[in-house]
Amino acid sequence: MWDPRFEADDEISGVHDSKVDHLNCSMSSSSHVYGYGCATFLFLIALLSSIAQSQGVIINSTSASSLPSSVRRDSTTAEGKQWAVLVAGSAGYENYRHQADVCHAYQILKKGGLKDENIIVFMYDDIAFHVDNPRPGIIINKPFGHDVYAGVPKDYTGDNCTVDNLFAVLLGNKSALTGGSGKVVDSGPNDNIFIYYADHGAPGLVGMPIGKDLYAKDLIQVLKKQQEANSYKSMVFYLEACESGSMFEGLLPSNWSIYAITAANGEESSYGIYCPGYYPAPPPEFLTCLGDVFSISWMEDSDLHDMSQETLQQQYEVVRRRTGYDYEDMSHVKQYGNMELSKELLSSYVGTNAANDNYATNNNIEEYPSMIPRVFDQREATLLHFWHKYQEAPDGSDKKVEAHRDLLRLHSHIRHVDRSLNHIASTLFGDANAANAMKHVRPSGQPLVDDWDCLKGLVEAYEKQCGGLSWYGKKYTRVIANMCNAGINVEQMIGASTRACSSRTTGSLQNELDK
């Protein structure tokens, strides 16, 4: 249903008209890739409709059961150290939730007994004192939540928050660092490592605020070097991002001492939560989502429970259920790597808060709200911020004009990416074959692409001719990977991209979109 306010609003009528035009995308005989953008445009339209009433449903908590005494282990008696690397891969106030997630994770580790010298934090650090933050110097990760920003180490922030520095940290290579605190994972064969990463994702990659993206194959190669160097006893990797399963699918061996959990499989989005205007809503002054479903699920579980009595597998089951079944929209939390490690206690990686030692759960009592929470696709969550920023700006103000301009630029960018990729697909495969070639998904157990250098090369070729893909356009990396798997080379991509984008124009919002 159209919001009548939208129909009557002259300022943004241009967005309305272009969206109506875009709805025809799925009907066009040449819309092979174009349909990928329809859902996002429909969402942008839906932002203008009335907020639906949340449906009342009882949500029973799924908690870790008591462990048999035979598998209990006090992590404080273990020989090795516990290390943690926390990464927020985005920047911008619209991505508030990623840095809030990472700051919350730090507080859990700190309360769990890990030392600051063994916790390394990557985040752009631009939201705590951002002009849009209604509580300067404070970050919260849930409605009515406490400040999670206080005390967080500023190890790699701003221009130092890069893939190259992350690799140097993981490999313990101080000489390869460029800026930052200089802290690295200086682990040994008896040490455990916990890695938590929150960001926008895409098939085969996750982002970083500055510089190049983190591709799955490059991450696996770094993990392989760590494995071969015997630089740890075991490693646990939690990854919050859209299509996050593609970072490990067909790539992470089961015989390495690494266990990974992802917020989604390799084909679907992960979701933001605690978003403005929707239950459970943040305080009204916050015009951005406060957290991500997978992330707040494992962290709110860790906030409550005695981690010396809960295994990784038990937390996986809690998070899988809450992420996949407690919400109207859902993603499928996945496990990769060495499943034997899932039997180990969480306290071996994140420590445990002594205040939770006597926690007991009554499965007949709600631990979570009794209404269905509204969650948003990661890409939609970003759009939601810009819509609320426009809606809340005073009529006739400079803020209203600026927010309107930002919405139009976002809309223009999304149309440009959808149309250009559709044009390129038709050029390279022909109208008759483009649809099947572009929508193909490889069978489970196979990596996204055979030649990762080809994928990087084709993405670079597109971006040189057509502009950055941004957090929105990177969802097309599966399409580009399919081009590589079909034998398309860089020269062909350059030619097709040049024809598709010869008359393109870009707005000044592009630099922000690229983050």
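Quick notes on this structure:
- Accessible surface computed residue by residue for the range 71-183, with neighbouring protein chains in place and a 1.4 Å probe, gives 40 Å² per residue.
- The packing ranking, built from the mean of other Cβ atoms within 10 Å per residue, places the peptides 420-430, 440-450 in the order 420-430, 440-450, highest first.
- Carbon + sulfur, % of accessible area of the range 93-214 - ligands and nucleic acids excluded, 1.4 Å: 50 percent
- Cα gyration tensor, the range 445-504 - rounded (a/c under 1.5), prolate or oblate: oblate
- Modelled label reach - MET339, point 7 Å along Cα→Cβ, the range 217-238 residues with backbone N closer than 12 Å: none
- Scattering from the range 220-331 was approximated by placing one identical point on each alpha carbon and applying the Debye formula without solvent; log10 I(q)/I(0) at 0.12, 0.13, 0.16, 0.24 1/Å stands at -0.52, -0.60, -0.84, -1.33.
- Computed label-point distance, nm, for sites ASP398 and ASP451 using a 7 Å Cα→Cβ extension: 5.2 nm
The values are calculated or read from the model by the stated rules, or taken from the named source; none is laboratory data. All values derive from a computational prediction rather than experimental measurement. A quick note on method: Cβ atoms are made from the backbone with ideal geometry, for glycine too, and the neighbour counts reach across all protein chains shown. Areas reflect the complete protein model, heavy atoms only, side chains present, ligands, DNA and RNA absent. Shrake-Rupley method; radii C 1.70, N 1.55, O 1.52, S 1.80 Å.
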